[in-house]
Amino acid sequence: MTSVRRSPASTSPKAALIEEYALVARALSAPARLSFLEQLAQRERGVEVLAEKTGLTIANCWQHL
């Protein structure tokens, strides 16, 4: 994940919070990650099960985690 450049000391608390929300939104923008969350919300699962349930390879699952 890439980091967001912040301006020095001039960043207000509200702006910093919005930047954090943007980071979360970017992380969840990949459909595979949303599928993982949906599966993990049901119960704890291993990478192999996540791969099976989402239709991705194990290597691709590891990349998204």
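The values are calculated or read from the model by the stated rules, or taken from the named source; none is laboratory data. Being a predicted model, the structure only gives us computed values, none of them experimental. Using ideal geometry, Cβ is built from the backbone for each residue, glycine included, and neighbour counts are taken over all protein chains shown. Side chains included, ligands, DNA and RNA excluded: accessible areas come from the protein's heavy atoms. Shrake-Rupley method; radii C 1.70, N 1.55, O 1.52, S 1.80 Å.
A few notes on this one:
- The listed residue being among the aliphatic types (A, V, I, L, M) and surrounded by 13 or more Cβ atoms within 10 Å (Cβ to Cβ), out of Leu56, Leu65: Leu56
- Flag for Leu50 being assigned to a helix (DSSP H, G or I), modelled with pLDDT of 90 or more and within 9 Å of the chain's Cα centre (by Cα): no
- Checking the stated criteria, Arg26 turns out not to satisfy the condition of being under 15 Å from Cys61 (Cα atoms) and basic (Lys, Arg).
- Checking each residue in segment 1-39 for being open to solvent by less than 90 Å² (accessible area, probe 1.4 Å), within 26 Å of Gly55 (Cα to Cα) and either assigned to a loop (DSSP other than H, G, I, E, B) or modelled with pLDDT under 75 (or both) picks out Leu28, Ser29, Ala30.
- Whenever a residue of segment 39-65 is within 19 Å of Leu28 (Cβ to Cβ) and touching a residue at least 12 places away in the same chain (Cβ under 8 Å), its partners that are among the charged types (D, E, K, R) and open to solvent by less than 80 Å² (accessible area, probe 1.4 Å), lying with C-beta atoms within less than 6 angstrom and at least six residues away or across chains, give the pairs Gln39/Arg45; His64/Arg33.
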